[in-house]
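Peer 1: Here you go, one structure.
The values are calculated or read from the model by the stated rules, or taken from the named source; none is laboratory data. Predicted model only: the values in this text are computed from it and were never measured. Cβ atoms come from the backbone with ideal geometry, glycine included; neighbour counts cover every protein chain shown.
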Amino acid sequence: MEFFGVGPFELLVILSITLIIVGPKRLPEMAAELARLLRAARKYASQITDELSDTMSDLEKEYGDMKGEWKDVGQGLDETAKSVSAEVEEAGREASAALEEAKEPSERAPAS
């Protein structure tokens, strides 16, 4: 079993060297300090993760809202384009009818 790529023999050597350098009186203090440091690091990492999750949730919500707004804008533009197209077609039919009416009297009139 390895711990951070260190096998049991290497871990025993590291602990022995630490015990020799630090001494048996300060070793429990150092272990407690190391535990506090690890707890603080985990707490900090947890806070960062929570903040990132909250930020991502907010961004996803804003994206959903903006997507809905743009969808509404697109539907409005589609409806406007359809109504303009219908009006242009109606104007074209009216112009064609007026042109036909203008041609009829000139076709009925006798050539002089």
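Peer 1: In region 1-32, what count of residues is obtained for those that are among the charged types (D, E, K, R) and under 41 Å from the mean Cα position of the chain (by Cα)?
Peer 2: Of all residues in region 1-32, those among the charged types (D, E, K, R) come to 2, 10, 25-26, 29.
Narrowing further to those that are under 41 Å from the mean Cα position of the chain (by Cα): 2.
The total comes to 1.
Peer 1: So, one more: Regarding SER106, is this residue out of contact with any Pro (no Cβ under 8 Å at 6 or more places or on another chain), part of a helix (DSSP H, G or I), hydroxyl-bearing (Ser, Thr, Tyr) and modelled with pLDDT under 85? Working first, answer last.
Peer 2: Values: out of contact with any Pro (no Cβ under 8 Å at 6 or more places or on another chain): yes; part of a helix (DSSP H, G or I): yes; hydroxyl-bearing (Ser, Thr, Tyr): yes; modelled with pLDDT under 85: yes.
Criteria met by SER106.
Peer 1: Report whether or not LYS43 is surrounded by 10 or more Cβ atoms within 10 Å (Cβ to Cβ) and at pLDDT below 85.
Peer 2: Details: surrounded by 10 or more Cβ atoms within 10 Å (Cβ to Cβ): yes; at pLDDT below 85: no.
So LYS43 fails the test.
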